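Read the figures in this text as sums done on the coordinates, not as results from a lab. Bear in mind the structure is a predicted one, so any value in this text is a computation, not a measurement. Cβ coordinates were reconstructed from backbone atoms using ideal geometry, including for glycine residues, and neighbour counts include every protein chain displayed.
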Amino acid sequence: MPDTDLQHLIRLLSRLPGLGPRSGRRLALHLIKKREQLLLPLLEALRATAENVRTCGVCGNLDTRDPCSICADPRRDDHILCVVEDVADLWALERSGAFRGTYHILGGVLSALDGITPEDLHIERLLRRCSGGGVAEVILAMNATVDGQTTAHYVASRLQALGQNIRVTGLAHGVPMGGELDYLDEGTLTTALASRGVL
Ligand SMILES: [Zn+2]
């Protein structure tokens, strides 16, 4: 039977996303066995993260500086805002290297089921950023889920109501690169066909 320190660690690890008590126990044992290679460096990384990482007051990104390194970068085009649900989505777009504008993190999506209303998201902050006249285009890069698309429509209508002539766009939905038609669901195929383009 693990002693209380170990039990506490296992309980905390079990609360991480995708893990449960069993994986919590396995992780705790693994960390203890790899004390020098993993446990102590992890301890240091957790401490540094807790002390240094903050939320950017402009876009909501996580960084050791505020404004974050993207907002503060003069090479980024701040006339184009890309609105994403979460920091993980920003990271995904940054990995692609395809976007040179700036971001706005909503902090989630509207959800009747989970009781998430517009007030729970960073929508007002987005409207404030856009009301100054410096934003030419807002890309709504929400996930292709029902809640994601509902949120995109809601944000689009609020942006249009600003009367700033902002171009509001959305990501294309369709056949993924390397995707085979036979493996796609009907919704993806229907959307891909509806948004077909000239080659
Ligand atoms: Zn930022």
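If contacts are Cα pairs under 8 angstrom and at least 6 residues apart, what is the relative contact order of segment 120-199 in percent?
27 percent
³J(HN,Hα) across segment 71-79 via Karplus (A = 6.51, B = -1.76, C = 1.60, θ = phi - 60°), whole Hz, x for Gly/Pro?
Coupling constants for segment 71-79: 4, 7, 7, x, 7, 7, 7, 8, 8 Hz.
Given the options 188, 62, 8, identify the residue whose Cα lies farthest towards the positive end of the charge dipole of the chain (+1 on Cβ of Lys, Arg; -1 on Cβ of Asp, Glu).
8
If you put +1 on each Lys and Arg Cβ and -1 on each Asp and Glu Cβ, how big is the dipole of segment 66-127 around its Cα centre, in Debye rounded to 20?
About 340 debye.
List the trypsin sites (Lys or Arg not before Pro) within segment 35-93 that DSSP assigns to loop and that have no more than 10 neighbouring Cβ atoms inside 10 Å.
Of the trypsin sites (Lys or Arg not before Pro), the ones in loops of segment 35-93 whose Cβ has at most 10 other Cβ atoms within 10 Å are 75.
Collect residues whose amide H, placed 1.01 Å from N in the peptide plane, falls under 5 Å from the amide H of residue 168; neighbours closer than 5 in sequence don't count.
138
If amide H atoms are built 1.01 Å from N in the plane of the peptide, which residues on other chains or at least 5 residues away come under 5 Å of the amide H of residue 68?
Amide H to amide H, under 5 Å and 5 or more residues apart or across chains, residue 68 pairs with 57, 58, 59.
Indicate the gyration tensor shape class of segment 136-178 (rounded, prolate or oblate), computed on the Cα atoms with a ≥ b ≥ c the square roots of the eigenvalues: a/c under 1.5 is rounded; otherwise a/b larger than b/c is prolate and the rest oblate.
Judged from the Cα gyration tensor, segment 136-178 comes out oblate (a/c at least 1.5, b/c at or above a/b).
What's the magnitude of the charge dipole for segment 94-159 around its Cα centre, counting Lys and Arg as +1 and Asp and Glu as -1 at the beta-carbon? Answer in Debye, nearest 20.
For segment 94-159, the charge dipole is close to 320 debye.
Work out from phi, with θ = phi - 60° and the Karplus expression 6.51 cos²θ - 1.76 cosθ + 1.60, the ³J(HN,Hα) of each residue of segment 148-159, listed in order in whole Hz, and give x for Gly and Pro.
Rounded to whole hertz, the list is x, 6, 4, 5, 4, 5, 5, 5, 4, 5, 5, 5.
From the square roots a ≥ b ≥ c of the eigenvalues of the alpha-carbon gyration tensor of the chain, which class results: rounded (a/c under 1.5), prolate (a/b over b/c), or oblate?
Verdict is prolate for the chain.
Which ³J(HN,Hα) values in Hz, rounded to whole numbers, follow from the phi angles of segment 45-57 under the Karplus curve 6.51 cos²θ - 1.76 cosθ + 1.60, where θ = phi - 60° and Gly and Pro get x?
Values, residue by residue: 5, 5, 5, 4, 5, 4, 7, 10, 7, 10, 8, 5, x Hz.
Please report, in debye to the nearest 20, how large the charge dipole of the chain is about its Cα centre when each Lys and Arg carries +1 at its beta carbon and each Asp and Glu carries -1 there.
I would put it at about 520 debye.
Just want the answer: with Cβ charges of +1 for Lys and Arg and -1 for Asp and Glu, which residue in 83, 101, 146 is farthest toward the dipole's positive end in segment 73-194?
Value computed over the given set: 101.
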